[in-house]
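J.: Here it is, the structure, as structure tokens.
The values are calculated or read from the model by the stated rules, or taken from the named source; none is laboratory data. Remember, predicted model here, so these are calculated numbers, not experimental data. Neighbour counts run over all protein chains shown; Cβ positions are idealised from the backbone, glycine included. The area values use the complete protein model at the heavy-atom level, side chains included, leaving out ligands, DNA and RNA. Shrake-Rupley method; radii C 1.70, N 1.55, O 1.52, S 1.80 Å.
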Protein chains: 2
Amino acid sequence: MPQLRIALAQVNACAGDISGNSSMVLDWTRRAVREGAHVVAFPEMVLSGYPVEDLALRKSFAAANRSEVDALALRLHEAGCGDAVVVVGHLDRDDEGVRNAASLLHGGEVVTTYYKHHLPNYGVFDEARYFAPGYDLPIVRLHGVDIGVVICEDIWQNGGPVTALGRVGVDAVVCINGSPYELAKDDQRTPLVTRRAAEAGAPMAYVNLVGAQDELVFDGDSLIATPEGGILARAPQFVEHLMVHDLDLTGGGHTSTDTSPEPVEEGTPLHFRPGALPAFDVERITLQPEPLPIYEPMPLPSTPEPLSDVAEVWSALVTGVRDYAHKNGFRSVTFGFSGGIDSAVCAALTADALGPDALYGVSMPSKYSTEHSRSDAAELARRLGCHFEEHPVGDMVEMFVDRLGLTGLAEENVQARCRGVTVMALSNQHGHLVLTPGNKTELAVGYSTIYGDSVGGFAPIKDVPKTLVWRLARWRNAEAEKRGETPPIPENSISKAPSAELRPGQVDTDSLPPYETLDEILDGYVEGDHSYADLVAAGFDADLVERVLQMVDRSEYKRRQYPPGTKISLKAFGRDRRLPVTNRWREVRP
Amino acid sequence: MPQLRIALAQVNACAGDISGNSSMVLDWTRRAVREGAHVVAFPEMVLSGYPVEDLALRKSFAAANRSEVDALALRLHEAGCGDAVVVVGHLDRDDEGVRNAASLLHGGEVVTTYYKHHLPNYGVFDEARYFAPGYDLPIVRLHGVDIGVVICEDIWQNGGPVTALGRVGVDAVVCINGSPYELAKDDQRTPLVTRRAAEAGAPMAYVNLVGAQDELVFDGDSLIATPEGGILARAPQFVEHLMVHDLDLTGGGHTSTDTSPEPVEEGTPLHFRPGALPAFDVERITLQPEPLPIYEPMPLPSTPEPLSDVAEVWSALVTGVRDYAHKNGFRSVTFGFSGGIDSAVCAALTADALGPDALYGVSMPSKYSTEHSRSDAAELARRLGCHFEEHPVGDMVEMFVDRLGLTGLAEENVQARCRGVTVMALSNQHGHLVLTPGNKTELAVGYSTIYGDSVGGFAPIKDVPKTLVWRLARWRNAEAEKRGETPPIPENSISKAPSAELRPGQVDTDSLPPYETLDEILDGYVEGDHSYADLVAAGFDADLVERVLQMVDRSEYKRRQYPPGTKISLKAFGRDRRLPVTNRWREVRP
């Protein structure tokens, strides 16, 4: 029974920041080696960051990645970590094209590089756009243990490299991932990893990115699964974590390299079917053939308490705000405090993410703003302990309305736009990041003002339906009460009827159905790909379904942002390309 | 020598407007049949429109497409067009996934359907995201002639279905296309079509979409090429056109269906390599085995004069404005007339696209606006004969500046944003589409105000570098002079130094290098994927290159909008997902 100590480094990489990410890998490897790890695995694309989108196609970026991998191997060796095998994800480029790669570093060198076989190209993924698929299967023998490596989507498709590893024989599989968070994703991930471990006939060590990158949030949730279906160890979600674990491994001494295709399951893409795929090219590399002398294994790490669904969503949103601000170099945040529930939840999220001192709330009443809006906004700021100013927009609104002769919707929108001008001016003057507090429901039906309440660099709850916004508010207040703290969100902001307050006595239900019903219909139409006929058959009022579907069909978000089958992924900006993205990479200057 | 009269219907389809597009196919087929056509070919995805993006994934949309194809076959038959073979592009869906399909309609039925083999997934294309590839090769025999069908990208990749058609034997190939315009694309297209005709050993009839759809412009340029390298006929660019032509064809009587793979050229994607691709499945369908009695061919259509590069660009931009407005249901357009060159060119484009009566120019001076800006704007309106109003923004700007204590860049941006509020208010009040006159150079270096001069639904010259904007202006004025008309663009707007006029005496060269140099560096960095080192080696000043690259790297457009290798495609919005897109499709209601 050869032993192996494996460390999974669940870290937060920044897209484009090659040298920063590389230093992080060095630091964490040192820690892991101090704890005696023989293998240290980092997530997918940890050196380049993920996703890097069209930056992947730039030749000089690929060259910078490649030279950093070589330099990192040497630095690890010089730092005394050369005996460990370090698995590092990075972008690469060869004659076939750009690659999503995993290199194994050892003894100051890149021992071998695996190229991702399966390239996801659905939902938030566009990998077929950027990468050429790999067909090689390197397996390294370390301390008498045969270790295979795969990358993320490789385990989400049937008939892939893990099946082949199982056929030729390995003792452990390392799977490195950039697997974005979706609501209840662990319900899919855990059985999948154990199923692949069973196919490989060996434990699978699954390490995932953590933190947010632009429109995506990564939850970590790294784990080690046995081929018998057990979970040996699991890392907490949404925090950086080094998980070190001793494996007792069977076997060793595998020699087969024959992976000739055999029948695969129904539903496999055509080009991965038997006869369509060249046999994988297995390369066996021996680093240290003999097992280690038997040693005392480390005590088992404690398994974290699983988070409730609402707690998980809250953590994802906090992560999104924190990393978008930090990775883009912002130290403070501003947006309008309307007294309503959306801005209140965004404020509480921001205070949790960046601290109340980084938050500059602005109340911007117009002549239609109610007294309770102003007082609820002030109360929110008081509870959070954040900065707060009032900048009424009524005079500017009146000037635009009079000079341009505005009525109706044009007059309503000018109020929202004068608020947009105000927060953007404060941002330009003081360097704050502007947040956009719109929720998914109002975006889906077009209930917002473009260049008005929609201005901003990051929209924390853009993928959160209105009914979930309320649940989050109640949950966060209850958590505060449990801890003996002041609940951050004023009760009145939760309980009052939502209103845009752009004309006298206006409430959302003047224009929209009740949010409970609206969210159910939207969930069916947008996420479930249900048709009009499906929804009516499910018991919704036909006229109401017609009305909601027309709102969605007319909204600018229909075609781009909510492809059918999308889940609540809490990605910060969906597929909206409106706003800046983190890109720390700069051309290397002499 | 069997004869065949073929009609290529170079039409303008609208994304999502299935029933409108279907009626158009019926009308144009009637015209073609009146002219005696035996085969009538329509462009790629003519029934669904192209591109439909994530709408492709919606089940009810696919079902609506499929039922419309069946209904159309019947309607064509009832309209007396049942003897012709009508080739119609549309979206389809089967167990393998969503398909980019070409159906052959004849005798009231769908005789066969071809699924596109090669799915482009680069540049403006995301087809691997939406479609499953086909492997079938239907060939129909009509009047003793064997006709194969392929779709667009199928001819842009080596070793594809055209090679296979050549091997099994056909007498003519119909290629239906949704091939977007790029500068000088005909230099690639013509040799490609003739090369594939040679591979097929048969003439190729190439029919392309015309008109604009959201971010893409299609130029038509349909043609018929011989296997010997000649062009038999060619349609004009940027206009709808029915091209009818008689073919004298050799052969007939092909029977082979053996397409077993043979070596293909270097550079072919791995999954299309020998052994990786199942042999194509050839299906031969006989509709009418015997050649027609010999008839007198039609006189040859005249070949259009090729357009100059600048004329081609102007036509593409006019097409973009016209179709974006029309397909989105706008009858009028507004934007700021600054007196500068960008808004002057956009105004002339709009007048050409929609007529001067649809154009509402607005001058919005602030205290830093010069007298010549106001007079040049008024002069532009006078020359074009469009509507024109002046709405000064100085008072609103002053109020924001005073109340919020704004200085420097914040003060500059507030002027641009008060103009944004003004044009959006006029749009809301009067129903105009707002255009955004920013050019590609300023977008690439971030020289514009978000929510200020960047507001609007469509940016006509967003993909046009500044130096080309000047060339277009001079060209359009010269054209007017040739025709004895008033040149639309005031000479002073062309000749004066560009300025944002957001502070006293400001000119663009305060912040930017001269535009001639800037555009050369941008072309190298953005379009050419040249690195810093490449550009310095090419002779540009090192400090200047550093400065420009930093501006681009910091701009929000870097990663998303200008992947390396993009050409000037004059696509209206690049890959920017900010703004509404045409979507005429609505769920079918009972």
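J.: Just to be sure I understand the filter: pairs with C-beta atoms under 6 Å, separated by 6 or more residues or on different chains, first member in region B:346-361 and free of Cβ contacts under 8 Å to residues at least 40 places away in the same chain, second member open to solvent by 10 Å² or more (accessible area, probe 1.4 Å) and not in a helix (DSSP H, G or I). Which pairs pass?
T.: Listed by first residue and then by second, the contacts come to B:356/B:385; B:356/B:386; B:358/B:332; B:359/B:386; B:361/B:386; B:361/B:388.
J.: On to the next question. Being buried (at least 19 other Cβ atoms within 10 Å of the Cβ), modelled with pLDDT under 95 and not assigned by TED's automatic domain parsing to the domain that holds residue B:461 is true for just one of B:268, B:259. Which residue is that?
T.: Criteria check complete, one pass: B:259.
J.: Any idea which residue in region A:278-297 is farthest from the other protein chains (Cβ to nearest Cβ), counting only those that are farther than 30 Å from residue A:134 by Cα and either β-branched (Val, Ile, Thr) or surrounded by 13 or more Cβ atoms within 10 Å (Cβ to Cβ) (or both)?
T.: Checking each candidate, the answer is A:294.
J.: Sticking with this structure for a sec: Evaluate region A:482-504: report whether one residue or more is touching a helix residue (DSSP H, G or I) at 6+ places or on another chain (Cβ under 7 Å) and within 13 Å of chain B (Cβ to nearest Cβ).
T.: There is at least one residue in region A:482-504 that is touching a helix residue (DSSP H, G or I) at 6+ places or on another chain (Cβ under 7 Å) and within 13 Å of chain B (Cβ to nearest Cβ).
J.: For residue B:388, are the conditions met, namely being within 14 Å of chain A (Cβ to nearest Cβ) and either open to solvent by 20 Å² or more (accessible area, probe 1.4 Å) or within 15 Å of residue B:422 (Cβ to Cβ) (or both)?
T.: So residue B:388 does not fit the description; no.
J.: Looking at region B:368-376, can you tell me whether even one residue there is surrounded by fewer than 24 Cβ atoms within 10 Å (Cβ to Cβ) and in a strand (DSSP E or B)?
T.: No, region B:368-376 has no match at all.
J.: Restricting to region A:392-437, name every residue that is touching a residue at least 40 places away in the same chain (Cβ under 8 Å), at negative phi and not in a helix (DSSP H, G or I).
T.: Hits for region A:392-437 are A:432, A:433, A:434, A:435, A:436, A:437.
J.: Further, regarding this structure: Which residues, counting only those in region A:100-150, are charged (D, E, K, R), within 14 Å of chain B (Cβ to nearest Cβ) and surrounded by fewer than 23 Cβ atoms within 10 Å (Cβ to Cβ)?
T.: Answer for region A:100-150, where residues must be charged (D, E, K, R), within 14 Å of chain B (Cβ to nearest Cβ) and surrounded by fewer than 23 Cβ atoms within 10 Å (Cβ to Cβ): A:126, A:127, A:129, A:136.
J.: Let me ask you something else. So residue A:95 ticks every box in (1) at pLDDT 95 or above; (2) surrounded by fewer than 21 Cβ atoms within 10 Å (Cβ to Cβ); (3) not aromatic (Phe, Trp, Tyr) but one. Which box is left unticked?
T.: Evaluating residue A:95 over (1) at pLDDT 95 or above; (2) surrounded by fewer than 21 Cβ atoms within 10 Å (Cβ to Cβ); (3) not aromatic (Phe, Trp, Tyr) leaves (1) as the failure.
J.: Restricting region B:91-136 to residues that are aliphatic (A, V, I, L, M) and over 28 Å from the mean Cα position of the chain (by Cα), which is farthest from residue B:282 (Cα to Cα)?
T.: Filtering first and then ranking leaves B:110.
J.: Let me ask something additional. Can you name every residue in region A:215-241 that is part of a loop (DSSP other than H, G, I, E, B) and either surrounded by fewer than 23 Cβ atoms within 10 Å (Cβ to Cβ) or in contact with a helix residue (DSSP H, G or I) (Cβ under 7 Å, 6 or more places away or on another chain) (or both)?
T.: A:221, A:226, A:227, A:228, A:229, A:230, A:236, A:238, A:239, A:240
J.: When the residues of region A:501-516 are narrowed to those that are open to solvent by 40 Å² or more (accessible area, probe 1.4 Å) and in contact (Cβ under 8 Å) with a residue 24 or more places away in the chain, which ends up nearest to residue A:547 (Cα to Cα)?
T.: A:511
J.: Now, a different point. Considering only residues that are open to solvent by 10 Å² or more (accessible area, probe 1.4 Å) and part of a loop (DSSP other than H, G, I, E, B), which ones fall in region A:463-483?
T.: Correct list: A:465, A:483.
J.: Continuing with the same structure: Is there any pair with a first residue in region B:189-202 that is open to solvent by 20 Å² or more (accessible area, probe 1.4 Å) and a second that is part of a helix (DSSP H, G or I) and of a type in the set (Ser, Thr, Tyr) whose Cβ atoms are under 6 Å apart and which are 6 or more apart or on different chains, and what are they?
T.: The qualifying pairs are B:199/B:163.
J.: Scanning region B:45-81 for residues that are in a loop (DSSP other than H, G, I, E, B) and open to solvent by 10 Å² or more (accessible area, probe 1.4 Å), which turns out farthest from the other protein chains (Cβ to nearest Cβ)?
T.: Ranking the candidates gives B:50 first.
J.: Let me ask something else. Note down all Cβ pairs under 9 Å where the first residue falls in region A:221-237 and is within 17 Å of residue A:40 (Cβ to Cβ) and touching a residue at least 12 places away in the same chain (Cβ under 8 Å), the second is buried (at least 20 other Cβ atoms within 10 Å of the Cβ) and basic (Lys, Arg), and they're at least six residues apart or on different chains.
T.: Qualifying pairs under 9 Å: A:222/A:234; A:223/A:189; A:223/A:234; A:224/A:234.
J.: Restricting the search to region B:501-535, which residues are of a type in the set (Gly, Ala, Ser) and over 27 Å from the mean Cα position of the chain (by Cα)?
T.: B:505, B:511, B:531, B:533
J.: Hey, another quick one. Counting only residues that are in contact with an Asp or Glu (Cβ under 7 Å, 6 or more places away or on another chain) and polar (S, T, N, Q), which one in region B:423-476 is modelled with the lowest pLDDT?
T.: Ranking the qualifying residues of region B:423-476, first place goes to B:448.
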